[in-house]
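Heads up: the structure comes next, in structure tokens.
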Amino acid sequence: MPTPSMEDYLERIYMLIEDKGYARVSDIAEALEVHPSSVTKMVQKLDKSEYLIYEKYRGLVLTPKGKKVGKRLVYRHDLLEDFMKIIGVNKSNIYDDVEGIEHHLSWDAIDRIGDLVQFFEEDQSRVEALRDVQKKNEEQS
């Protein structure tokens, strides 16, 4: 399994490739707000772990293994953002909250959160009922 840092890189690389069709070291560095030299070191680690193929000065491509993991990491991130929205977390906090917890949850927990998100998305009245409970609790505080 990739480390949390490797996951961050794989997630971002996957997203860049999906959006732009490619991911250069400079693009990754900018997206993650790190130095290009840090990206190069991590890309070399990801290459050794067979998540991608990296050729100096030529770029990189995700292996099937890297694509699978990247896609799943993006799914996890998006799912947790959806969950945070449903439970009423302030929009300005969602990204940082997701970044703070995504590496600390088991895939079993992610699957259960997915079930919960689906439960709420299937019937908007469930979200409204949750908002009513939250409103009552705020009034009592």
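The values are calculated or read from the model by the stated rules, or taken from the named source; none is laboratory data. Bear in mind the structure is a predicted one, so any value in this text is a computation, not a measurement. We place every Cβ from the backbone using ideal geometry, glycine too, and count neighbours over all the protein chains shown. When the accessible area is computed, the model is the full protein with side chains, heavy atoms only, and any ligands, DNA or RNA have been set aside. Shrake-Rupley method; radii C 1.70, N 1.55, O 1.52, S 1.80 Å.
Structure values in brief
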read-out	value
Residues of region 65-79 satisfying the condition of being closer than 19 Å to residue 13 by Cβ and either open to solvent by less than 80 Å² (accessible area, probe 1.4 Å) or touching a Pro at 6+ places or on another chain (Cβ under 9 Å) (or both)	66, 69, 70, 73, 74, 76, 77, 78
Some residue of region 103-117 being in contact (Cβ under 8 Å) with a residue 60 or more places away in the chain and either surrounded by 12 or more Cβ atoms within 10 Å (Cβ to Cβ) or not in a helix (DSSP H, G or I) (or both)	yes
Count of residues meeting criterion [open to solvent by 90 Å² or more (accessible area, probe 1.4 Å) and under 20 Å from the mean Cα position of the chain (by Cα)] in region 21-44	4
Selection status of residue 58, farther than 23 Å from residue 137 by Cβ, within 11 Å of the chain's Cα centre (by Cα), surrounded by fewer than 18 Cβ atoms within 10 Å (Cβ to Cβ) and of a type outside the set (Phe, Trp, Tyr)	no
Some residue of region 86-100 being within 18 Å of residue 10 (Cα to Cα) and in contact with a Phe, Trp or Tyr (Cβ under 9 Å, 6 or more places away or on another chain)	yes
Pairs where the first residue, in region 19-30, is hydroxyl-bearing (Ser, Thr, Tyr) and the second is open to solvent by 20 Å² or more (accessible area, probe 1.4 Å), C-beta under 7 Å, 6+ apart	22/59; 26/36
For residue 49: the one exception among (1) under 15 Å from the mean Cα position of the chain (by Cα); (2) of a type in the set (Ser, Thr, Tyr); (3) surrounded by 15 or more Cβ atoms within 10 Å (Cβ to Cβ)	(1)
Selection status of residue 87, open to solvent by 30 Å² or more (accessible area, probe 1.4 Å), in contact (Cβ under 8 Å) with a residue 12 or more places away in the chain and among the hydrophobic types (A, V, I, L, M, F, W, C)	yes
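This table checks each residue for (1) touching a strand residue (DSSP E or B) at 6+ places or on another chain (Cβ under 6 Å); (2) modelled with pLDDT of 95 or more; (3) among the hydrophobic types (A, V, I, L, M, F, W, C).
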{"residue": "15", "(1), (2), (3)": "no, yes, yes"}
{"residue": "34", "(1), (2), (3)": "no, yes, yes"}
{"residue": "43", "(1), (2), (3)": "yes, yes, yes"}
{"residue": "51", "(1), (2), (3)": "no, yes, no"}
{"residue": "83", "(1), (2), (3)": "no, yes, yes"}
{"residue": "87", "(1), (2), (3)": "no, yes, yes"}
{"residue": "92", "(1), (2), (3)": "no, yes, no"}
{"residue": "97", "(1), (2), (3)": "no, yes, no"}
